Amino acid sequence: MSYEHEDYPEDPFPKDFGYCAYDQDGLDLEPNATSNSETKPRILLMGLRRSGKSSIQKVVFHKMSPNETLFLESTSKIVKDDINNSSFVQFQIWDFPGQIDFIEPTFDSDMIFGGCGALVFVIDAKDDYIEALTKFKNTVIKAYKVNPRIKFEVFIHKVDGISDDSKMESQRDIHQRSSDDLSEAGLDQIHLSFHLTSIYDHSIFEAFSKVVQKLIPQLPTLENLLNIFIPNSGIEKAFLFDVVSKIYIATDSSPVDMQAYELCCDMIDMVIDLSSIYSSEETAFDSGSSSLIKLNNNTILYMREVNKFLALVCILREENFNRQGVIDYNFICFRDAISEVFELRLKRQKQLENADQDDDELADDQGITIGRSSHENDTAVVSRAPKIT
Ligand SMILES: Nc1nc2c(ncn2[C@@H]2O[C@H](COP(=O)(O)OP(=O)(O)OP(=O)(O)O)[C@@H](O)[C@H]2O)c(=O)[nH]1
Ligand SMILES: [Mg+2]
């Protein structure tokens, strides 16, 4: 069974998924923006002192172990961190000092909230959160005024060692109070997302995955590709991972089970650890990486590299792995589709760099039509692959 690139339709991707939304250096969240000063989308980490902002940033993006965060010093000025793990995962994280006061006139809210994609507000669930909620309300009001497109994400943090019941109760209470505060201020339309998090388990990676996903304009395309790949390959669930941070940038549309996600994270850790023992190269994870783990409940974890930074981890029943050839063939189709998404993105970025044209003109030149919905073309990419019945 050979795979030939020429067989594929010339333009297999939906025309309206994200390609209108770039600036020169990254993912720009404003579709009609011409150029942007600080380019990459920004994720702000805000919240009271000691709520755990710097710990989150260090654990998720710098491999710090949770225990080491006990020795972190209080942040005294805004710390900016560039995350460039892969072409899909590019943004800046700004870690704020807890004591910063937005009300004071020196705080340049236009600059700070202007280019912001997501505002993560961290609330210590082990502490009395009334003060945190007041600060949250003021922050949201201010930020929304400057930039109504910001995604507001509330991390109800440090929930380790808290019973499931009290976790749910805290979430319900915080949700209720913050929604009440916003409607009092006449801002019912603001959407807030809530996540229960802790650096001592995988919940912080899961929550950050969801925050980052909202900033990836190609997400619907990636999800579509996974939704086609999975049933055609007899796979139950698949995650597309950013290997360095272990956040997943996309998954199929079936619900995410925390345990399944944890298993996949552990698998990536194991593969990287083992590869570094046997590999002389600097990067243990490369284009040849793949791994298979059989669990004792008739389930298989199957990992394949997509490129240097991305890996696909699949969960499937053992009997469906009998036809590994079909899965591997479909995977190659999937991987090629992803690289086409990358290529289109790069092409688009280059064009924007070279020509100072407005978005509409560029769209015409490339044959990209903004606002037309067509899922047929990307379906064609993988649907020609054989199906396990
Ligand atoms: N139990 C528990 N402790 C945590 C968690 N996350 C952070 N901490 C602890 O909370 C303390 C404060 O963490 P920091 O990350 O310095 O807090 P911060 O929000 O950056 O504080 P400022 O920089 O002063 O604003 C540290 O001792 C961390 O170890 C968590 O998920 N669970
Ligand atoms: Mg800090």
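The values are calculated or read from the model by the stated rules, or taken from the named source; none is laboratory data. All values reported here derive from a predicted model rather than from experimental measurement. FYI the Cβ positions are ideal-geometry reconstructions off the backbone, even for glycines, and counts take in every protein chain you see.
A few notes on this one:
- Considering the conditions (1) out of contact with any strand residue (DSSP E or B) (no Cβ under 6 Å at 6 or more places or on another chain); (2) not in a helix (DSSP H, G or I), residue 93 is excluded by exactly one of them, (1).
- Some residue of the range 100-112 being within 26 Å of the chain's Cα centre (by Cα) and closer than 17 Å to residue 192 by Cα: no
- Failed condition for residue 107, given (1) surrounded by fewer than 17 Cβ atoms within 10 Å (Cβ to Cβ); (2) more than 16 Å from ligand 2 (Cβ to nearest atom); (3) more than 16 Å from residue 138 (Cα to Cα): (3)
- Under the condition of being in contact (Cβ under 8 Å) with a residue 60 or more places away in the chain and in a helix (DSSP H, G or I), the residues counted in the range 158-186 number 0.
- Residue selected from the range 64-75 under the condition surrounded by 12 or more Cβ atoms within 10 Å (Cβ to Cβ) and closer than 12 Å to residue 95 by Cβ, by the criterion farthest from ligand 2 (Cβ to nearest atom): 72
- Meets criteria (at positive phi, near ligand 1 (Cβ under 9 Å from one of its atoms), assigned to a loop (DSSP other than H, G, I, E, B) and of a type in the set (Gly, Ala, Ser)) for residue 98: no
- Filter result (hydroxyl-bearing (Ser, Thr, Tyr) and farther than 16 Å from residue 157 by Cα) within the range 126-144: 134, 139, 144
- The residue that is farthest from the chain's Cα centre (by Cα), counting only those in the range 60-86 that are more than 8 Å from ligand 1 (Cβ to nearest atom) and among the aliphatic types (A, V, I, L, M), is 78.
- Matching residues, the range 154-195, being acidic (Asp, Glu) and out of contact with any Phe, Trp or Tyr (no Cβ under 7 Å at 6 or more places or on another chain): 164, 165, 169, 173, 180, 181, 184, 188
- Some residue of the range 117-125 being at pLDDT 90 or above, in contact with a Pro (Cβ under 8 Å, 6 or more places away or on another chain) and in the same structural domain as residue 204 (by TED's automatic domain parsing): yes
- Residue match in the range 245-255 (condition: touching a helix residue (DSSP H, G or I) at 6+ places or on another chain (Cβ under 7 Å), small (Gly, Ala, Ser) and at pLDDT 90 or above): yes
- Candidates 54, 65, 76, filtered to the one that is touching an Asp or Glu at 6+ places or on another chain (Cβ under 6 Å) and either in the same structural domain as residue 221 (by TED's automatic domain parsing) or at pLDDT 50 or above (or both): 54
Per-residue answers, yes or no, for (1) among the aliphatic types (A, V, I, L, M); (2) surrounded by fewer than 16 Cβ atoms within 10 Å (Cβ to Cβ):
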residue	(1), (2)
77	no, yes
81	no, yes
99	no, yes
111	yes, yes
123	yes, no
135	no, no
141	yes, no
144	no, no
159	yes, no
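- Listed conditions (1) closer than 28 Å to residue 57 by Cα; (2) not in a helix (DSSP H, G or I) are all met by residue 235, apart from (1).
- Selected residue [within 17 Å of residue 132 (Cα to Cα) and touching an Asp or Glu at 6+ places or on another chain (Cβ under 9 Å)] from 158, 214: 158
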